[in-house]
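This report refers to the structure that appears directly beneath it.
Derivation of every value follows stated rules applied to the coordinates shown; laboratory data play no part. Here the structure is a predicted model, which is why all the values come from computation and not from measurement. Counting neighbours? That spans all protein chains shown, and the Cβs are built from the backbone with ideal geometry, glycine included.
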Amino acid sequence: MLSKKFFDRPTLMAARELLGKFLVREVNSERMEGMITEVEAYVGPNDKASHASRGRTERTKVMFGKPGHWYVYLVYGMHYCVNIVTEKEHYPAAILIRSVDGVTGPGRVSKQFKIDKTCDANASSRKSGLWIEDRGVRVQRIERGKRIGVDYARKWKDKPWRFRAIEWKQR
DNA sequence: ACGATGATGAAC
DNA sequence: TTCATCATCGTA
């Protein structure tokens, strides 16, 4: 299981390395799991694409908290987005999980893994029923691009902070 | 191309 | 208390 230490470092670095890791969900003795194939980084208090750029609020306070905790929120009144908090406490940053195996799109991922508001602010751990594991997959090729759905973010909208696994190998 | 759908944050 | 906005998705 990935420890807090994995997330306590620069977000772009953690984001790239999150590709190929496995998202595991356990709820009502049902277990789901899949390899993370696409992520986006939201970094620091000035990133206008990040919810944290408006400062610390009830919703976003978890982004300012300890690394390795889940930030889950509702978008467009319908879909949940699943993020994992990174970097040191008080520095707001997180990684959005956009695709897992064949499940492409943050809303679809949360639906597939039954992730909702009850997961928000929990630590990534077996106990919380939602965690991440390293199973020895080595990602060999990564595509990098702009983040999706953040056209309002001025100069931050074109930051190439989305990462997608193109090629990988089981060790 | 567009509407669904409701929490959130900021303005009033 | 109101109001615009929104890290999306399914249908057309």
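Once region A:109-143 is narrowed to residues that are within 16 Å of DNA strand B (Cβ to nearest atom) and in contact with a Leu (Cβ under 9 Å, 6 or more places away or on another chain), the residue that is farthest from residue A:22 (Cα to Cα) is A:117.
Only one of the numbered conditions (1) within 12 Å of DNA strand C (Cβ to nearest atom); (2) within 12 Å of the chain's Cα centre (by Cα); (3) part of a loop (DSSP other than H, G, I, E, B) is not met by residue A:67, and that is (1). Against the conditions (1) surrounded by fewer than 19 Cβ atoms within 10 Å (Cβ to Cβ); (2) near DNA strand C (Cβ under 10 Å from one of its atoms); (3) free of Cβ contacts under 8 Å to residues at least 40 places away in the same chain, residue A:74 satisfies every one except (3). Residues in region A:126-157 that are more than 27 Å from residue A:24 (Cβ to Cβ), assigned to a loop (DSSP other than H, G, I, E, B), within 19 Å of the chain's Cα centre (by Cα) and not aliphatic (A, V, I, L, M): 2 in all.
Listed by first and then second residue, the pairs linking a residue in region A:3-26 that is part of a helix (DSSP H, G or I) to a residue that is of a type in the set (Lys, Arg), with Cβ atoms under 9 Å apart and 6 or more places separating them unless they lie on different chains, are A:4/A:66; A:6/A:21; A:7/A:66; A:15/A:162; A:16/A:144.
Residues that are of a type in the set (A, V, I, L, M, F, W, C) and buried (at least 17 other Cβ atoms within 10 Å of the Cβ) were ranked within region A:105-122; the one that is farthest from residue A:169 (Cα to Cα) is A:119.
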